[in-house]
Amino acid sequence: MAVSRYGFTPHCRNDGATVAEMQVVIDHRGENFLHNEVLISLHTVCLPFFSRFERVLEIVSQDTEDARLGRERFSFYRDHGYEMRHFDLSKQAEY
């Protein structure tokens with residue numbers, strides 16, 4: 001499935017009629033995912049179902065409390081043997 005030149009990525013909710021055709025599925029319950037490649041989490045805690053995914057990407061803002069919680073999750077994953085990488089997008093070139 002191609003991404004348009006405007007940056008739109010087709011997606012649907014996990015209970016959507018076209019879920020089997022989508023590369024991006026949105027859900028907050030963690031039940032019945034058809035895909036298990038990548039989980040993009042916006043949560044402030046480690047999700048109980050994260051381990052079913054091959055990769056977990058967490059988005060952490062520069063807000064003091066959000067950054068603190070992000071460091072706690074980073075430590076949790078690292079302490080449980082997961083390979084960790086950190087990307088500071090605030091230092092990337094602006095568009």
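The values are calculated or read from the model by the stated rules, or taken from the named source; none is laboratory data. Note that this is a predicted model, so its numbers are computed, not measured. Neighbour counts run over all protein chains shown; Cβ positions are idealised from the backbone, glycine included.
Checked against (1) surrounded by 10 or more Cβ atoms within 10 Å (Cβ to Cβ); (2) among the polar types (S, T, N, Q); (3) in contact (Cβ under 8 Å) with a residue 12 or more places away in the chain, residue 90 meets all criteria but (1). Taking each residue of the range 68-80 that is in contact (Cβ under 8 Å) with a residue 24 or more places away in the chain and looking for partners that are among the aliphatic types (A, V, I, L, M) with beta-carbon atoms closer than 9 Å, six or more apart or interchain, yields 69/45; 69/60; 73/45; 73/60; 77/56; 77/84.
Looking at 7, 30, which one is of a type outside the set (D, E, K, R), touching a Leu at 6+ places or on another chain (Cβ under 8 Å) and modelled with pLDDT under 85?
Working: 7 fails: touching a Leu at 6+ places or on another chain (Cβ under 8 Å).
Exactly one residue qualifies, and that residue is 30.
The single condition among (1) within 22 Å of residue 15 (Cα to Cα); (2) assigned to a helix (DSSP H, G or I) that residue 56 does not meet is (2).
Are there any pairs, at least 6 apart or on different chains, whose C-beta atoms fall under 7 Å, with the first in the range 6-34 and within 17 Å of residue 53 (Cα to Cα) and the second hydroxyl-bearing (Ser, Thr, Tyr) and outside any strand (DSSP E or B), and if so, which? Pairs that qualify, where the first residue is within 17 Å of residue 53 (Cα to Cα) and the partner is hydroxyl-bearing (Ser, Thr, Tyr) and outside any strand (DSSP E or B), are 24/9.
If only residues of the range 27-53 that are aromatic (Phe, Trp, Tyr) and either more than 18 Å from residue 11 (Cβ to Cβ) or in contact with a helix residue (DSSP H, G or I) (Cβ under 9 Å, 6 or more places away or on another chain) (or both) are counted, the one that is surrounded by the most Cβ atoms within 10 Å (Cβ to Cβ) is 50.
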